[in-house]
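Everything below concerns the one structure shown next.
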Amino acid sequence: MTPDNLTEQLKMLFATVLELPVDRITPELCPDNCAEWDSLRHIHLVSAIDETFEVTLTFEQQIEIMTFDLAIDVVTEALNGASAE
Amino acid sequence: MSENTLTDDPLRSLLRDPGRKTVARKMLREALDAKPTTLTYMGFKAKIPAPSATQKIAILSSFTIETIAPFLEVESFLAQWRAEPTFIQYSNWLNTLHNPASLGESNAVVLLLHGEAVLPWDSTSADDAVGLLDAAIQSFRDQSSLPLFIGLIAEPPESQAMGLGNRAYQGRGALIQRINQCIAGHAARLANVHCLDIPEWARVHGDTWYDRTGYLANMTLISHRALPALARGIARNVGCLFKPRRKVLAIDLDNSLWGGVVGEDGTDGIVLSPDKWPGAGFVAFQRVLAQLRDTGILLVINSKNNEADAQAVFQTRPEMALAWDDFSARRVNWQDKASNLVEMSEELGLGLDSFVFADDSPVECALVQEALPMVDVVELGKNPAEFIDRLFASGAFDTLAISREDQARAASYHSENQRKSVRARSHDLGDFLAGLDLHLEIRPIVAASADRAHQLLAKTNQFNLSLTRPTPDEVQALMQDGERLFGATLKDRFGEYGIIAIMELRDATDTLDIASLVISCRALGRQVEEALIRFAINQAERRCCSALGATFRHGPRNQQVTAFLERIGFRKITESSERTDYTLNPQDLQAPLLRHITVDAPEMESITS
């Protein structure tokens with residue numbers, strides 16, 4: 001998967017879970033600037049990442065997703081970890 | 001994501017078409033089952049129409065379960081109701097059961113517990129847990145009439161390694177089982193308390209039910225992969241409160257009840273076997289249909305066949321679990337199946353929206369679905385082992401409990417069908433009545449029959465002499481006398497009709513007055529009318545009265561009573577626009593002899609002539 005593909009796929013994922021238009025999903029998007037991103041939606045985001053990319057995030061990775069940008073990093077890292085195995 | 005866009009627009013518009021709700025739900029079900037993920041549910045949640053009314057469901061839970069909300073909203077839509085969940089968590093579940101006033105706005109309550117919430121890890125006895133739950137459930141029921149659904153406790157299977165096959169009767173597994181028996185006992189004993197069989201749902205779902213990390217990190221015991229199944233189970237169970245159950249299953253024959261085509265393969269050539277694949281698949285399916293019939297679902301046949309060929313299978317193949325007479329209506333012909341369904345709907349007096357139609361043929365299914373969108377159409381497919389799951393997938397036949405009326409429904413339709421058939425074969429009324437083997441039992445109304453007496457007096461409009469409508473208390477008062485209010489129970493060789501007539505007798509000077517006489521229209525034309533008059537004459541003689549009196553009150557629909565009275569010899573004494581007073585000297589009775597009905601009445605050896 002190319003980095004661009006991954007970003008686009010994650011954008012769609014965030015937009016669906018947070019019920020926002022795709023153009024609202026910016027790199028800086030975070031719970032502080034997005035009312036829809038509450039703790040419950042955070043769990044749904046983690047579930048959707050698990051199902052979509054077939055990676056199980058560790059608890060530490062789950063709480064590391066503090067912005068959309070960080071979500072890209074975490075998923076990239078998890079996918080690399082999965083392929084390294 | 002791509003899985004949403006594939007079915008996006010057609011489904012969105014279909015979901016908003018009120019005439020095609022059944023079809024839309026089926027398509028949505030298939031899409032969700034194909035990919036039951038968080039994204040799929042979140043995507044569809046945005047597409048389903050906004051609810052016009054919701055049911056507020058309070059979810060009391062000992063673990064984090066709020067993440068189920070979008071799943072429950074979609075699954076309740078599929079189960080034909082709309083859930084609006086609210087969540088009460090952790091230790092509050094117990095306080096809330098003891099103080100349910102805060103749930104006043106809710107329509108139903110769901111209680112989800114995990115083992116450690118009631119049974120600490122090092123417990124050696126379930127006594128404390130059972131005591132805690134007993135008190136809480138009883139306290140809730142004492143203060144609230146809200147429906148309560150309690151999830152049976154399911155635990156992750158790690159203790160299997162420490163007990164293997166002995167889990168059920170040893171160690172923690174046995175303690176959990178005892179707690180679950182306590183919950184099930186409450187559900188069986190208390191009105192409107194029901195179990196959710198979560199251990200069974202977890203077993204069917206498999207290893208990904210539990211989220212061990214989630215539980216230890218943030219109390220999310222149930223994995224997100226299991227939320228669709230949990231939501232579906234809750235939606236189907238709780239939904240039974242809010243949506244009607246379908247009443248009729250119309251089933252195809254060839255390749256549905258048996259393998260092959262009887263018109264081509266012959267009765268000996270079709271595939272049916274109690275123990276050999278694939279015939280065993282069809283027999284297993286038939287057995288489930290027989291059980292379904294016992295829960296009050298009427299079975300009807302809708303088949304393109306020669307009727308004689310189809311009937312021959314029922315007569316000659318002993319492997320058949322269903323009998324020809326198990327079907328309340330039958331259309332075995334070459335007419336289109338939608339027309340057959342319309343006819344059977346009229347014959348049974350049940351709307352098409354209470355029908356499920358099941359057929360192996362995708363073409364027949366599509367034709368019926370197109371013509372009759374309100375019918376729930378089930379395509380059985382090619383593999384008989386899958387028929388049962390496919391039939392029950394839509395939840396059309398879901399019910400929380402089987403009532404006595406449900407159990408009797410199919411038999412009652414069946415009895416009426418058999419009567420119609422005897423009637424059709426009979427040359428005259430006498431023949432017909434003789435073929436029924438009628439038996440009438442007349443008894444004073446007692447506490448157990450008082451409700452039915454009140455109901456008949458209140459609801460009967462046609463054969464109703466005086467149109468008096470006593471209240472339940474007045475019925476009780478009449479009942480106390482012991483010799484005033486009588487009920488008649490009718491049965492024939494096809495079944496029981498129950499209490500079908502009520503007669504009130506009142507002593508007057510030298511006359512015994514029939515103060516009330518009502519007969520259910522189901523029992524008219526069976527000589528019940530004549531038998532009751534003979535009973536009244538017998539009572540008059542016993543009470544030393546020389547005549548019977550009857551006061552007819554004119555109503556919009558009860559003219560047949562005056563015609564009957566005059567036909568059997570009652571004489572008018574006075575007449576006004578409101579009432580006609582009649583008298584009958586027993587010697588003037590013109591009633592025919594009761595040749596076709598036996599009567600069992602108090603202090604009468606027999607009034608059958």
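The values are calculated or read from the model by the stated rules, or taken from the named source; none is laboratory data. The structure displayed is predicted, hence computed values, not measured ones. Ideal geometry is used to build each Cβ from the backbone, glycine not excepted, and the neighbour counts take in all protein chains shown. Surface accessibility is based on the protein's heavy atoms, side chains included, excluding ligands, DNA and RNA. Shrake-Rupley method; radii C 1.70, N 1.55, O 1.52, S 1.80 Å.
State the number of residues belonging to the range B:260-285 that are among the aliphatic types (A, V, I, L, M) and open to solvent by less than 20 Å² (accessible area, probe 1.4 Å).
Residues that pass the stated criteria total 4.
Would you pick out the residues in the range A:6-30 that are assigned to a helix (DSSP H, G or I), among the charged types (D, E, K, R), surrounded by fewer than 18 Cβ atoms within 10 Å (Cβ to Cβ) and within 11 Å of chain B (Cβ to nearest Cβ)?
A:Glu8, the sole residue that qualifies.
Results for (1) open to solvent by 40 Å² or more (accessible area, probe 1.4 Å); (2) out of contact with any Gly (no Cβ under 8 Å at 6 or more places or on another chain); (3) not aliphatic (A, V, I, L, M), shown as yes or no for each residue.
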{"position": "B:Ser361", "(1), (2), (3)": "no, yes, yes"}
{"position": "B:Ala424", "(1), (2), (3)": "yes, yes, no"}
{"position": "B:Gly430", "(1), (2), (3)": "no, yes, yes"}
{"position": "B:Arg443", "(1), (2), (3)": "yes, no, yes"}
{"position": "B:Lys459", "(1), (2), (3)": "yes, yes, yes"}
{"position": "B:Thr468", "(1), (2), (3)": "yes, yes, yes"}
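Would the range B:189-199 turn up any residue that is modelled with pLDDT of 95 or more, open to solvent by 50 Å² or more (accessible area, probe 1.4 Å) and of a type outside the set (Gly, Ala, Ser)?
yes
Testing B:Glu75 on (1) under 23 Å from B:Ala154 (Cβ atoms); (2) charged (D, E, K, R); (3) modelled with pLDDT under 95, one condition comes back false. Which one is that?
(3)
Can you tell me which residue within the range B:293-312, out of those that are of a type outside the set (S, T, N, Q) and open to solvent by 10 Å² or more (accessible area, probe 1.4 Å), is modelled with the lowest pLDDT?
Filtering first and then ranking leaves B:Asp294.
So which residues in the range B:105-159 are open to solvent by 60 Å² or more (accessible area, probe 1.4 Å) and of a type in the set (Gly, Ala, Ser)?
B:Ser145
Across the range B:190-228, which residue is farthest from the other protein chains (Cβ to nearest Cβ) among those that are among the β-branched types (Val, Ile, Thr) and under 29 Å from B:Gln143 (Cα atoms)?
Across the range B:190-228, the extreme among qualifying residues is B:Val193.
I'm trying to understand the selection: among the residues of the range B:563-579, which are outside any loop (DSSP other than H, G, I, E, B) and either open to solvent by 20 Å² or more (accessible area, probe 1.4 Å) or farther than 22 Å from B:Val528 by Cβ (or both)?
B:Ala563, B:Glu566, B:Arg567, B:Arg571, B:Lys572, B:Ile573, B:Thr574, B:Glu575, B:Arg579
Of these, B:Asp481, B:Asp473, B:Asp492, B:Asp513, which one is acidic (Asp, Glu), farther than 19 Å from B:Leu589 by Cβ and in contact (Cβ under 8 Å) with a residue 12 or more places away in the chain? Lay out the reasoning, then the answer.
Numbers: B:Asp481 fails: in contact (Cβ under 8 Å) with a residue 12 or more places away in the chain; B:Asp473 fails: in contact (Cβ under 8 Å) with a residue 12 or more places away in the chain; B:Asp513 fails: farther than 19 Å from B:Leu589 by Cβ.
Being acidic (Asp, Glu), farther than 19 Å from B:Leu589 by Cβ and in contact (Cβ under 8 Å) with a residue 12 or more places away in the chain holds for just one of B:Asp481, B:Asp473, B:Asp492, B:Asp513, which is B:Asp492.
Restricting the range A:31-71 to residues that are under 18 Å from B:Pro36 (Cα atoms) and part of a loop (DSSP other than H, G, I, E, B), which is farthest from the other protein chains (Cβ to nearest Cβ)?
Once the filter is applied, the top-ranked residue is A:Val55.
Return the residues of the range B:21-72 that are part of a helix (DSSP H, G or I) and aromatic (Phe, Trp, Tyr); say none if nothing qualifies.
Result: B:Tyr41, B:Phe44, B:Phe71.
Considering each residue of the range B:237-277, count those that are touching a residue at least 12 places away in the same chain (Cβ under 8 Å) and either under 26 Å from B:Ala366 (Cα atoms) or not in a loop (DSSP other than H, G, I, E, B) (or both), and give that number.
24
Looking only at residues that are crowded, with 23+ Cβ neighbours inside 10 Å and touching a helix residue (DSSP H, G or I) at 6+ places or on another chain (Cβ under 6 Å) in the range B:229-247, which one is farthest from the other protein chains (Cβ to nearest Cβ)?
Across the range B:229-247, the extreme among qualifying residues is B:Ala235.
Take the range B:344-367 and flag every residue that is out of contact with any Leu (no Cβ under 7 Å at 6 or more places or on another chain) and in a helix (DSSP H, G or I).
Of everything in the range B:344-367, those that are out of contact with any Leu (no Cβ under 7 Å at 6 or more places or on another chain) and in a helix (DSSP H, G or I) turn out to be B:Met344, B:Glu346, B:Glu347, B:Asp353, B:Ser354, B:Pro362, B:Val363, B:Glu364, B:Cys365, B:Ala366, B:Leu367.
B:Thr468 passes all but one of (1) without any contact (Cβ under 8 Å) to a residue 12 or more places away in the chain; (2) among the polar types (S, T, N, Q); (3) outside any helix (DSSP H, G or I); which number fails?
Among (1) without any contact (Cβ under 8 Å) to a residue 12 or more places away in the chain; (2) among the polar types (S, T, N, Q); (3) outside any helix (DSSP H, G or I), the lone unmet condition for B:Thr468 is (1).
Out of all the residues in the range B:42-62, which are closer than 15 Å to B:Ala231 by Cα and touching a His at 6+ places or on another chain (Cβ under 9 Å)?
B:Met42, B:Ser61
Here is a list: B:Ala69, B:Ala24, B:Ala34. Which entry is without any contact (Cβ under 8 Å) to a residue 60 or more places away in the chain, closer than 30 Å to A:Phe53 by Cα, outside the structural domain of B:Leu146 (by TED's automatic domain parsing) and open to solvent by 10 Å² or more (accessible area, probe 1.4 Å)? Don't jump to the end; show me each part of the working.
Numbers: B:Ala69 fails: outside the structural domain of B:Leu146 (by TED's automatic domain parsing); B:Ala24 fails: open to solvent by 10 Å² or more (accessible area, probe 1.4 Å).
When all the criteria are applied, what remains is B:Ala34.
Would you mind telling me which numbered condition in (1) in contact (Cβ under 8 Å) with a residue 12 or more places away in the chain; (2) surrounded by 13 or more Cβ atoms within 10 Å (Cβ to Cβ); (3) more than 9 Å from chain B (Cβ to nearest Cβ) A:Pro3 fails?
Tallying (1) in contact (Cβ under 8 Å) with a residue 12 or more places away in the chain; (2) surrounded by 13 or more Cβ atoms within 10 Å (Cβ to Cβ); (3) more than 9 Å from chain B (Cβ to nearest Cβ), A:Pro3 fails exactly one: (2).
Has the range B:259-272 got at least one residue that is over 29 Å from B:Leu196 (Cα atoms), in contact with an Asp or Glu (Cβ under 7 Å, 6 or more places away or on another chain) and of a type in the set (Ser, Thr, Tyr)?
no
Return yes when A:Val74 is away from chain B (no Cβ under 14 Å) and under 22 Å from B:Ala217 (Cα atoms) and no when it is not.
Here the answer is yes, as A:Val74 does meet what is asked.
State whether one or more residues within the range B:390-402 are assigned to a loop (DSSP other than H, G, I, E, B), loosely packed, with under 13 Cβ neighbours inside 10 Å and not hydroxyl-bearing (Ser, Thr, Tyr).
Yes, the conditions are met somewhere in the range B:390-402.
If I filter the range B:537-549 for residues that are assigned by TED's automatic domain parsing to the domain that holds B:Ala508, open to solvent by less than 20 Å² (accessible area, probe 1.4 Å), touching a helix residue (DSSP H, G or I) at 6+ places or on another chain (Cβ under 6 Å) and part of a strand (DSSP E or B), do I get at least one hit?
yes
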